[in-house]
Amino acid sequence: LIATGFWVGLFLGCFQALVLALALPLYLPADKMHLLGASRWFIFYLPATLVMTTLMGSDQGKGSFGRFSFLLVLPTALYVAAVLASWAGGIASPRTFAAGLLIATLITFAVRICMDWDAISGAKPEWEIARRLLRRGLSFYIPAVAGLALVRGDMFLLVRLVPSDAVGLYAVAQAIALGQLGAVSPFLYVSFSAVAGNSVPRHQLETLAQHF
């Protein structure tokens, strides 16, 4: 299953990378064509991310939650370290931040592959399992893409409509807003989970009042 998951993730990632390479020249407006070269480096991001996602799904299935949690945090930790290093070195820029994100992802990809290299290199993919994974995954893939379009549709439009500086300011403001939501969300999840555990309406209100 590990080998099959690896090849399925790699196939999907390479297919999406090919679509991205063909779509970027058509998507970027004339005043942002100078970003085309840097954007194409992120073609490597897609296969690496999809392979990691597939293998981390197998970690969850096996109950390897320690490994799963470590790999979930590792790219963010490496990216933050790269940002701090570029800032301390006086070379902070959007290009170096993007490079830090890509390098962090590729390092995590290499670490994850090394963990299961024997299983990946020592077995051939089982095409029947791959076909079943693709068939079942399609029902999850379409809602995921639709959700991404709804969440990031504003950014797709802004890249086409406004100058790069305005896109950057909007991205920073959005990151700050989402960060605030991320700080509050765990408390909301805990609160409403506790409320859901009570079947009596009055007890639900009392539980909610205790959390707030």
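The values are calculated or read from the model by the stated rules, or taken from the named source; none is laboratory data. Just so we're clear, the structure is a prediction, and the values are computed from it rather than from any experiment. Ideal geometry is used to build each Cβ from the backbone, glycine not excepted, and the neighbour counts take in all protein chains shown. Each accessible area value is taken on the protein alone, full model and side chains, heavy atoms only, with ligands, DNA and RNA left out. Shrake-Rupley method; radii C 1.70, N 1.55, O 1.52, S 1.80 Å.
In the context of the full protein assembly, C14 retains an accessible surface of approximately 70 Å², using a probe radius of 1.4 Å and ignoring ligands and nucleic acids. Largest first, the residues F109, F65 sort by 1.4 Å accessible area into F65, F109. Amide H contacts of E126: T4, each under 5 Å away and 5 or more positions distant or on a separate chain (H built 1.01 Å from N in the peptide plane; Pro and chain starts excluded).
When the surface is traced with a 1.4 Å probe over the full set of protein chains, Y141 keeps roughly 110 Å² accessible. Taking all protein chains together and a 1.4 Å probe, the residues K62, K124 rank K124, K62 from largest to smallest accessible area. Overall, the accessible surface of region 120-168 at a probe of 1.4 angstrom is composed of carbon and sulfur to the extent of 71 percent. What FRET efficiency do you get for W41 and S64 if R0 is 30 Å and r is their Cβ-Cβ distance, rounded to the nearest 0.05? Given R0 = 30 Å and the Cβ-Cβ separation, E is 0.45.
Consider all pairwise Cα distances in region 1-128 and report the whole-number % of them above 22 Å. For region 1-128, the share of Cα pairs beyond 22 Å comes to 46 percent. Take I113: with every protein chain present and a 1.4 Å probe, its accessible area is about 20 Å².
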